[in-house]
1. For the stretch 393-407, how many residues are in a helix (DSSP H, G or I), open to solvent by 40 Å² or more (accessible area, probe 1.4 Å) and touching a helix residue (DSSP H, G or I) at 6+ places or on another chain (Cβ under 9 Å)?
2. Just name the residue that is nearest to the chain's Cα centre (by Cα) out of those in the stretch 522-532 that are buried (at least 22 other Cβ atoms within 10 Å of the Cβ) and not in a loop (DSSP other than H, G, I, E, B).
3. Give the residues of the stretch 361-392 that are in contact with a Ser or Thr (Cβ under 8 Å, 6 or more places away or on another chain) and buried (at least 17 other Cβ atoms within 10 Å of the Cβ), sorted by residue number.
4. Out of (1) open to solvent by 20 Å² or more (accessible area, probe 1.4 Å); (2) at pLDDT 95 or above; (3) closer than 25 Å to Arg564 by Cα, what's the single condition that is false for Val441?
5. Checking the conditions here, which among Leu493, Leu482 is assigned to a loop (DSSP other than H, G, I, E, B) and within 30 Å of Tyr403 (Cα to Cα)?
6. Return the total of residues in the stretch 128-152 being crowded, with 21+ Cβ neighbours inside 10 Å, in a helix (DSSP H, G or I) and among the hydrophobic types (A, V, I, L, M, F, W, C).
7. Only one of Leu507, Leu535, Leu577, Leu546 is part of a helix (DSSP H, G or I) and either in contact with a helix residue (DSSP H, G or I) (Cβ under 7 Å, 6 or more places away or on another chain) or under 25 Å from Leu369 (Cα atoms) (or both); which?
8. Would you mind stating whether Thr413 is of a type in the set (S, T, N, Q) and open to solvent by 50 Å² or more (accessible area, probe 1.4 Å)?
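The values are calculated or read from the model by the stated rules, or taken from the named source; none is laboratory data. Just so it is clear, the structure is predicted and the values come from calculations on it, not from any experiment. Positions of Cβ are backbone-derived with ideal geometry, glycine not excepted, and every protein chain shown enters the neighbour counts. Surface accessibility is based on the protein's heavy atoms, side chains included, excluding ligands, DNA and RNA. Shrake-Rupley method; radii C 1.70, N 1.55, O 1.52, S 1.80 Å.
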Amino acid sequence: MVDRRYILGALGALLGTAATDAIAKAKPKPKKASSKKAASSKSARGKKGKADAHDKKGKRGRHERPEPRHVAETPREPPPPPVPEVSSPEAAAALNTAFEQILKEQFLAQPTVVTGLGFDKGEYAAAKSRIEDRSEASKASTVARLGRAMQALNAVDRDQLSASDRIQYDSVRWDYATQLQLAQGFAYGDYGAYSWGFASPYVISQLSGAYQYIPDLLDSQHTIKARGDAEAYLMRLDGFARALDQESERFRLDQGRGVVPPDFVINAALKQLTALRDGDPASNTLINSLDRRATQAGIAGTWKDDATARVMGPIKDALTRQIDLLTAALPNAAHDASVRNLPNGEAYYALCARLGTSTDNTPREIHLLGLDLVGKLSDEIDRRLRQLGLTQGSVGARMNAMYVDPKYIYPNTDEGKAKLLSDLNAKVAAVQARLPQYFGVLPKAKVSIRRIPAETEAGAPGGYYQPGSIDGSRPGVYNINLRDTANNPSWTLPTLTYHEAIPGHHLQGTIQNEAQLPTIRKIQSFNAYVEGWALYAEQLAGEMGLYDNDPAGRIGYLHDALFRAVRLVVDTGIHYLGWSREQAVTYMMDATGDSESAASAEIERYCVWPGQALGYMVGKLTWLRLRDAAKAKQKGAFDIKAFHDAGLTAGSVPLSVLEQVYRARDMV
């Protein structure tokens with residue numbers, strides 16, 4: 001998964017022919033006219049013909065030559081104008097102006113995003129000391145800003161843009177139009193950096209809120225090289241306390257709108273809030289990060305005392321107020337996890353599904369696709385497990401046995417966790433050596449691997465990728481959650497690493513950073529494109545031979561493919577069909593063999609990020625479909641390097657635009 005805060009048939013190639021045929025059947029089929037309707041139409045044509053003949057006989061006699069009939073033709077729409085090879089000067093200027101205006105307004109409104117991108121210098125140096133306005137009033141400002149963005153885009157004559165510029169235009173337009181639809185249509189929830197870049201109906205949850213976002217931002221994104229940087233850090237600590245109180249007020253207002261997180265979400269958030277508030281100051285990351293890095297940079301000052309005063313004073317007080325607020329809300333919180341019970345909840349979920357997939361697939365279509373894929377992938381895993389000698393019990397039960405098999409478990413100690421990280425680095429080095437055979441364009445920046453901070457690991461995902469800065473000064477980071485090494489048996493780690501690092505998120509995100517794209521396009525991240533690529537990269541790793549001598553690792557790949565198919569079922573099950581949390585957890589455990597704690601963390605994630613988990617498999621299937629189309633058209637001339645380079649150097653785009661990328665190059 002990509003941390004976005006700072007910013008069908010081809011499956012059988014690895015699964016086997018039976019799975020290929022089954023997945024092909026799962027594709028949405030064009031709707032046919034019903035036989036009744038067709039018959040009615042035919043009957044009507046027949047009656048009309050007889051009536052016409054009778055009428056002509058009466059007027060002209062039996063032997064008269066019929067007069068020619070003049071049937072009015074249905075007006076046809078004129079063909080679209082040809083796509084110019086180069087954008088007209090006027091259209092190009094309007095596009096550049098729109099992009100610059102939109103980006104500048106975004107940077108002024110989102111200073112922490114500016115820091116995450118490494119742009120908090122020069123023109124945007126003031127951003128480094130600021131935290132976003134998290135008040136209720138700020139939502140109106142966001143709507144106004146998004147409205148101005150759409151006005152600027154509407155001023156561009158798309159017909160005068162070249163094919164490549166249309167891709168940039170269509171991607172930005174889709175993004176801002178959808179953001180505006182969400183902001184205008186729903187008074188509750190959040191969307192953006194404070195909820196990892198995804199839509200969340202709850203301002204505060206185990207995965208959303210300033211308490212989740214700001215500590216990590218300050219520790220890993222806020223650089224300290226001079227006195228001004230350290231002073232800016234302290235100013236952001238002041239802003240952190242203010243943001244906590246602003247979010248608490250928004251939580252109260254959402255309560256009045258009938259929007260309260262489920263009880264299990266509140267409990268998870270309370271656990272993390274309390275840990276942040278009550279932690280030992282001597283080991284507090286907010287305090288020690290500033291003191292350590294200022295000392296390393298040789299910046300004299302009372303930084304530890306200054307940070308301690310803020311953390312143990314205003315920040316602790318604001319955390320206490322937020323804890324008290326959530327504690328008071330808990331008795332009235334429902335256990336129901338579905339957003340369909342929120343105001344206009346069905347429409348909210350439909351929009352979340354669109355955001356998550358960048359398609360118009362309905363929740364029902366996605367649910368049925370998931371069910372079909374779960375069945376076919378389970379059959380393939382059964383065959384592979386039998387090859388390992390695991391023949392007894394269901395697929396889920398046998399994979400669960402692999403999860404708890406001691407030979408796959410690292411010791412849950414500092415030494416064991418260090419060994420795990422070392423092994424991950426070795427896997428990255430192995431795949432790095434094979435990249436030139438599959439990619440013409442390679443990332444220049446390397447990936448680093450780090451453990452998720454202990455303070456936030458309880459509610460964090462199992463692994464995620466944090467993009468590097470646009471200017472290359474800070475590398476991309478593959479973060480792995482080591483709260484319990486039992487959650488990361490060795491057979492699951494190759495696929496996780498290929499997904500999060502290379503050839504997955506790091507390769508894709510770094511190529512986008514380094515490509516010749518407008519800045520606004522470099523910072524865009526469309527969920528289904530990004531996560532779909534990373535899932536495609538898992539399969540590509542198999543095609544690169546990385547599982548050839550690792551049968552358990554191949555089971556890990558198939559498990560994760562099944563896991564993403566299960567997501568299609570449970571996300572739509574919860575929010576479209578009204579499944580309970582427990583029903584979804586049980587389904588995931590039975591299908592994948594995951595532990596109850598791992599499945600619970602995943603299901604609770606989907607409850608607060610509705611629709612996000614749909615993008616993985618929907619995106620992967622789109623990449624595979626386009627690759628098959630390119631092979632079919634180009635036949636022996638197909639070049640896997642050219643296919644990958646075309647899709648990656650275009651940057652992250654909605655899935656509808658991804659096909660446009662390949663059509664513009666006459667590849668499909």
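1. Qualifying residue count for the region: 4.
2. So, considering only residues that are buried (at least 22 other Cβ atoms within 10 Å of the Cβ) and not in a loop (DSSP other than H, G, I, E, B), the one nearest to the chain's Cα centre (by Cα) is Asn527.
3. Applying the first criterion (in contact with a Ser or Thr (Cβ under 8 Å, 6 or more places away or on another chain)) to the stretch 361-392 yields 363-364, 366-367, 370, 385.
Selection gives Pro363, Ile366, His367, Gly370, Leu385.
4. For Val441, the failing item is (3).
5. Working: Leu493 fails: assigned to a loop (DSSP other than H, G, I, E, B).
The unique qualifying residue is Leu482.
6. 2
7. Working: Leu507 fails: either in contact with a helix residue (DSSP H, G or I) (Cβ under 7 Å, 6 or more places away or on another chain) or under 25 Å from Leu369 (Cα atoms) (or both); Leu577 fails: part of a helix (DSSP H, G or I); Leu546 fails: part of a helix (DSSP H, G or I).
Just a single option satisfies the conditions, and that option is Leu535.
8. Numbers: of a type in the set (S, T, N, Q): yes; open to solvent by 50 Å² or more (accessible area, probe 1.4 Å): yes.
It is true that Thr413 is of a type in the set (S, T, N, Q) and open to solvent by 50 Å² or more (accessible area, probe 1.4 Å).
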